[in-house]
1. Would you calculate the convex hull of the Cα atoms in region 507-551 and tell me its volume per residue in Å³?
2. Show which lysines lie in cross-link reach of LYS94 when reach means a straight Cα distance below 18 angstrom and same-chain residues fewer than eight apart are skipped.
3. What is the fewest-to-most order of LEU398, LEU221, LEU476 by other Cβ atoms lying within 10 Å of their Cβ?
4. Between GLU485 and SER552, 0.36 nm times their residue separation minus their Cα-Cα distance comes to what?
5. Calculate, in whole percent, how much of the Cα-Cα pair population of region 211-387 lies beyond 30 Å.
6. Want the number for ASP321 to ASN379: 0.36 nm per residue separation, take away the alpha-carbon distance, what's left?
7. Give the lysines reachable from LYS245 as a straight Cα distance under 24 Å; neighbours fewer than 8 places away on the same chain don't count.
8. What does the extension gain come out to for GLU371 and LYS358, with contour length at 0.36 nm per residue minus their alpha carbon separation?
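Bear in mind that the values in this text are calculations on the coordinates, not laboratory data. These figures come from a predicted structure and were not determined experimentally. Neighbour counts are summed over all protein chains in view; Cβ atoms, including those assigned to glycine, are modelled from backbone coordinates with ideal geometry.
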Amino acid sequence: MRLLSLELIGQYKGLKDQYFDFQNTEGNILALIGLNGSGKSQLLELIAETFAYLERKQREDFITRTPLPFGVNVQYLIKSQNQTEDMILVDIDKQGNVNSYQITEDGERHPLLLGAPLPDFIVGYASGLNENLQRAFMKNSLQYFEIKRISAQRQKLLTESVDEEQVSEINKKFLKKYPHIFDNLYSEYYDQENYLSLREVNPQPSNLIYLDYDSTSLLLLSLVLLPLEKVEHILGELGFKYPIKAKIYYDLRSGVIDIDAIRDVKMLVRSVGENNITPIGNRTTNDQFDQYELNFLAGIIELDFSNSSILNNLREANYHDPRSFFLRFLKLQQLGNKKWPITNRRKLAKDDFIETVKTPLKTQLPLSMVELRFLNNKNQEVCFDDLSDGEAQLMQVLAASTIFGLGQSLFLFDEPETHLNPSWRTYFHTYLEKALNLNDGGTEDSQIFLSTHSPFMISSLKKENVFFFERNHNGLIDLKPVNEETYGASFDVLIKSFFNLKTLISQTVVDDINHRLKESQKAENFDDLKHWIEQNLGDSMEKGYLLRKLES
């Protein structure tokens, strides 16, 4: 998956009637740079809204209610099942109509009547609290939850029915109000008058994955399904090896719970054994046990990966695939969307909603991580919650790149290195590429867009991969080309070029020097100033320059 261009028709926040061209980029990683408020994050939001709308439009079990508040054309390369690379163009007009085309080598457009092939995953991550990026992801997560919620309502009514006539009437009502939750509506075997034959869809969660507080712990746990030497290869630079223990809380006593959720919890219970379950609440009744096949509907599951049988059981039950493991429990977490305020859910049901909305922090979910422990390079156990912000952030970003990097994924990272120390920032580009390359090939199929203020990242990229954002006099956002080569440029040059710095020392010190310089000029005596500079200022190019000027 490689995004080639995006054209905005109309206005999205500070972006207006703009064409973004990414065709001349090299490699997997593109950097969006600029001052705070320059609008680089808004491009990430626009990309997310575009692909989220496409998914809702193309999935028969998802629905669209309104057009987007703008039109957008997006062009990208994506591999087909036979591994040939196809160029896709998708036009979304202001009325919400979608037209998809495959572009041939000679530039002809062939309509795609069944819709455009989409990336396997769109993965979003933001380091700040102003998480507007997550809105598009929340819209599609809510669609999955709504299907499950409606299905649970129907199943409850069906269990209370006593005859076929009542079942048929229930199905008729749900078909009229929620036709998208039913399968094979266009099949020749479907009899409109025989509502007993209705079958629900088996919905899959959205392919837009947003990494928030709750899901990142599951993502990190999923690393254990990889060969441990591979995990150590990625986390070793941080001083860690791999996850060694975990405690997972589950609760199937209320809310929207379906067969898949029950099956996945049973898989965990079987993998660890009943002795590693701490029950919560009462033992299940006979009727509940017949339905759930669990002794307790809530509890804490303890996983100790130093026990090879637990690790092997977990790997075999998930086909040694960390992504599969993560997604099956992310589905269970998303059933907790019921806890979102109803006002937020109503807003997110509208495709044209582009305001700020946030997920509640640390709400009680059907499944969540109570504790996650890692083994460090000294073979000591360390709790994930005790890590520094920088350690946690880098670990999360590398885990996402590793698990979703194999496949055709588009990563949207909003300032993913804010908490890193200067050394880790210097190597951040290297760490990302190592994580993407962990699976030996296929990395050209994934692409990372990241916003950053870091000169360390910019110095790792060719100028074609760096996009500079700036507000114009109308308050709108301009995307300007980067004319000077950035690859290998020194950090001081980049900071002065792109972040409006005239000096590399603190402005507090600059103001102090200017004040003392004016006083010395009045007294026509610079000896005291020279002595003060020598005694009070640390080493810098600016200090050397001042001393040379005063001596001349």
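1. Convex hull volume per residue, Cα atoms: 64 Å³.
2. Cα-Cα hits under 18 Å: LYS13, LYS16, LYS57, LYS350.
3. So the residues, fewest neighbours to most, are LEU476, LEU221, LEU398.
4. Answer, rounded to one decimal: 20.6 nm.
5. Here the tail beyond 30 Å accounts for 24 percent of pairs.
6. Answer, rounded to one decimal: 18.3 nm.
7. Straight-line reach from LYS245, under 24 Å: LYS230, LYS266, LYS331, LYS362, LYS378.
8. Contour length minus the Cα-Cα distance gives 2.3 nm.
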